[in-house]
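Colleague: Let me give you the structure first, and then I'll get to my questions.
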Amino acid sequence: MDSKSKSFSKKLYACWHPVGYSQEIKADKPFGTILLDEPVVIWRTSDGTPYAMRDLCIHRGTALSLGWVENDCLVCPYHAWQYNNKGACVLIPQAKKIEIPSKAKTPRYHCQEKFGIIWVALEDPEFDLPVIPEFENTNWKLVNTGPFNWKCDSSRQVENFTDFGHFPWVHPGLLGDPKRPEVPECKVTTKGSVLHYSIVRPEAKNSNDFPIFANDNVVKPERKSVYELHLPYTIVLRLGWGGNKGMVYFFTSQPISKNACRGFCIIGRNYNFNEPDTILQEFEKVIFDQDKRIVESQRPIQVPFDLSEELHLKFDAVALNYRRAMKKNELYE
């Protein structure tokens, strides 16, 4: 990729980013998306392995994602040129006898499938994806929610997920109570590219519409939230109420462009296995819709990593440390 064309920090291209849930990438149909302003096509070979390449046929600039998969090759819909999983053109139907030019190829990107999500790195990735033992344990049930498309930078979507102060006002009765607006002290420890912090706070009991938390038998419900924020845009959140029941929230945001992102949220829990997935999915749709209206109004669209540009108070400890870590790791432009 030509560095002159990059509008994002160079380091962001060397990070793993989500581009779709596994079920979105079918075996017989390429999947087109945008990552860091770059058109990307995801497709699978017959063994189910996903591959990622630039969504562009070198012949006439057609989107390969409009094509199909044949003989473990991605076929352009315009002239049926075939590209293998290395991005090289291996068949030109209109000129089968010629030697295929070396220029007949499209860039291939790093691609992997993990947590039921397809991940792409446009350059050699510098950071590993999180380790989540609960997601490998059959005692935990996983539910996909979203995806959530917002008109903002991924940094705003992620920072909102870590913000405690807005719960009573944006999510009253669901995640917070306006009668208890105080935010407990939160200490943030940064280790490499991961921020660690936790918070204990009172919460409202389950609502009748969304009985999803394991706090029904608690007289005064109190939740402990333990966070890992993996730079640049991924969060692992573990929730507990003092007993054996727990939840794991896994959230990650796809940076489509400076003013567009797509959030993926997978929820795991070791209780209420018989409860329909739709309860969690509808709950998260309500929560994310409440947040979306607010976050899309924020200016600038990207989190301002210069700390002097916004006012910060003590309860903004996570935001402060997130901005410092992003700046230290050169993950913003």
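The values are calculated or read from the model by the stated rules, or taken from the named source; none is laboratory data. All values derive from a computational prediction rather than experimental measurement. Backbone-built Cβ (ideal geometry, glycine too); neighbour counts: all protein chains shown.
Colleague: Just one of (1) aliphatic (A, V, I, L, M); (2) outside any strand (DSSP E or B); (3) over 30 Å from P304 (Cα atoms); (4) in contact (Cβ under 8 Å) with a residue 40 or more places away in the chain trips up V143, so point out which.
Modeller: The single condition V143 does not satisfy is (2).
Colleague: Test of understanding: among A325, A319, which residue is touching a Ser or Thr at 6+ places or on another chain (Cβ under 6 Å), under 15 Å from V158 (Cα atoms) and assigned to a helix (DSSP H, G or I)?
Modeller: Matching residue, one of A325, A319: A325.
Colleague: Going by the structure shown, is H171 surrounded by fewer than 17 Cβ atoms within 10 Å (Cβ to Cβ), under 23 Å from the mean Cα position of the chain (by Cα) and more than 19 Å from G263 (Cα to Cα)?
Modeller: Against the criterion (surrounded by fewer than 17 Cβ atoms within 10 Å (Cβ to Cβ), under 23 Å from the mean Cα position of the chain (by Cα) and more than 19 Å from G263 (Cα to Cα)), H171 does not qualify.
Colleague: Whether any residue in region 106-127 is over 23 Å from L12 (Cα atoms) and among the charged types (D, E, K, R) is what I want to check.
Modeller: So far as region 106-127 goes, no, none of its residues is over 23 Å from L12 (Cα atoms) and among the charged types (D, E, K, R).
Colleague: Looking at region 184-201 only, could you name the residues that are assigned to a loop (DSSP other than H, G, I, E, B), surrounded by 14 or more Cβ atoms within 10 Å (Cβ to Cβ) and more than 21 Å from the chain's Cα centre (by Cα)?
Modeller: Across region 184-201, the qualifying residues are C186, V188.
Colleague: Out of P178, P125, report the one residue that is touching a Phe, Trp or Tyr at 6+ places or on another chain (Cβ under 8 Å), modelled with pLDDT under 95 and part of a loop (DSSP other than H, G, I, E, B).
Modeller: Selected residue: P178, the only one of P178, P125 that is touching a Phe, Trp or Tyr at 6+ places or on another chain (Cβ under 8 Å), modelled with pLDDT under 95 and part of a loop (DSSP other than H, G, I, E, B).
Colleague: A follow-up question, please. Starting from residues that are of a type in the set (V, I, T) and touching a strand residue (DSSP E or B) at 6+ places or on another chain (Cβ under 8 Å), keep the ones in region 244-288 and report whichever is nearest to Q302 (Cα to Cα).
Modeller: This residue is I256.
Colleague: Related question: Strands (runs of 3 or more DSSP E) wholly in region 5-82 with at least 1 residues that are farther than 21 Å from S253 by Cα - which ones?
Modeller: Counting at least 1 such residues, we get 38-44, 68-70, 73-75.
Colleague: Could you grab me the full set of residues in region 1-41 that are closer than 19 Å to K114 by Cα and modelled with pLDDT under 95?
Modeller: Scanning region 1-41 gives K26, A27.
Colleague: Another question, if that's okay. Give the residue that is nearest to the chain's Cα centre (by Cα), with candidates limited to residues of region 62-115 that are hydroxyl-bearing (S, T, Y) and more than 13 Å from R44 (Cα to Cα).
Modeller: Checked region 62-115; the qualifying residue nearest to the chain's Cα centre (by Cα) is Y109.
Colleague: Could you grab the pairs with beta carbons closer than 7 Å, sequence gap of 6+ or different chains, first residue in region 267-296 and over 15 Å from F213 (Cβ atoms), second one at pLDDT below 95?
Modeller: Pairs found: Q290/V170; Q290/H171; D291/V170; I294/V170.
Colleague: So is G116 under 16 Å from C57 (Cβ atoms) and at pLDDT 95 or above or not?
Modeller: In short, no.
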